[in-house]
1. Using only the alpha carbons, work out the radius of gyration and Dmax of region 1-68 in angstrom.
2. Name the residue from LEU286, LEU213, LEU262 whose Cα lies farthest towards the positive end of the charge dipole of region 152-287, charges +1 on Cβ of Lys and Arg and -1 on Cβ of Asp and Glu.
3. Would you work out which of TRP32, GLY49, PRO80 lies farthest towards the positive end of the dipole of the chain? Charges go on Cβ: Lys and Arg +1, Asp and Glu -1.
4. Using Cα-Cα distances under 8 Å and only pairs 6 or more residues apart, what relative contact order does region 6-286 have, in percent?
5. Pop out the ³J(HN,Hα) list for region 272-280 in order, Karplus 6.51 cos²θ - 1.76 cosθ + 1.60 with θ = phi - 60°, rounded to Hz; leave Gly and Pro as x.
6. Only helical DSSP H runs with n ≥ 4 go in: add -39500 (n - 2.57) per run for the chain, normalise by residue count and round the 222 nm mean residue ellipticity to 500 deg cm²/dmol.
7. Taking the Cα atoms of region 185-287, report the difference between the largest and smallest coordinate on each principal axis, in whole Å and largest first.
8. Set the Förster distance to 30 Å, then compute FRET efficiency between LEU126 and VAL96 from the Cβ-Cβ distance, nearest 0.05.
Amino acid sequence: MLATRPWSFPASTMPVLVTMMFLWSKGFEVSWWLGVLALVNIVLVHAAGNVWSDYHDYKRGVDAPDTYGVRILTDKQFTPKEVYTLSVTLQVAAVVMGLLMVGLTGITLLWFGLAGIALSLLYPPLKYAALGDLVIMACYALLPMLGTTFICTGNVVPQVLWLAVPVGSITVAILHVNNARDIETDRRAGIKTFALLTGRPFAINVYLFELLLPYCWLLVTALLGYVSPWTLVTFITLPTALGNCKKMLSCKTEGIKAIAKLDEATAQLQLAFSLTLAIGLITEALT
């Protein structure tokens, strides 16, 4: 459990939950038990991806004794072989469960699954080439939300992408703040991230944009009638988002220690934002 980084699981579980509530609010006949299977499966994929990424970060020298973040290998809590074996085991479990779900739903799901597994396995080299943010948006917003619509209804429902933008933006911010914090150690390791390429001052502004975009997006799309006004219940979490933004800005004067745990705080914001979004969708369905 420690090695899989369970604090980050809101990034994968919330898109599935929000999608299920969206489908229900729009009057679709939802297969709830298949939705639960999708929820379990994406946690397996996410856990495997986390461990896989940590293994490669350690082997590449990205994670070292003086870096922030995951320390299961740098502190010798586990051996590289143990972490590698755990990742492969989780990947196999995810694939087996995914194939079972393909048999229960249809071949269309196979393409979503293959894309998700491929991006999970290729995530380390893509992250080192400054493409990590795009991969996260695909893996933890676009693919799972579209895939869940197919799993739960038998059809792909593209309208869910109106909600993929705000949900995905906060998830990308989890990775982005991590990379903004680790610019110096990433440069030492010889890798490139979006935050490293732009520099920390610009990366700070990107984080602020990623956290405030969801609220602006929902306000505008609700006014235009693309999403329900009930989704604006998410504004309850705006003070938390502003608190995270303030903490990000404080690193200008206090240094990167000020944002050492901001990735975890951003994951907590994701949980709160998506749960309130789901509550809004439930309320829409009941009224």
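All of the numbers you see were taken from the coordinates with simple rules; none came from a lab. Not measured: the values here are computed from a predicted model. Here Cβ is always computed from backbone atoms with ideal geometry, including for glycine, and neighbour counts include all displayed protein chains.
1. Just the Cα atoms of region 1-68 yield Rg and Dmax of 16.2, 52 Å.
2. LEU262
3. Of the listed residues, the answer is PRO80.
4. Working: 388 pairs, mean separation 69.1, N = 281.
The value is 25 percent.
5. 5, 4, 5, 5, 5, 4, 4, 4, x
6. Values: 12 runs with 209 residues, N = 287.
Using -39500 (n - 2.57) per qualifying helix, the result is -24500 deg cm²/dmol.
7. Principal extents (largest minus smallest coordinate, Cα): 55, 22, 22 Å.
8. Values: r = 25 Å, r/R0 = 0.83.
That gives a FRET efficiency of 0.75.
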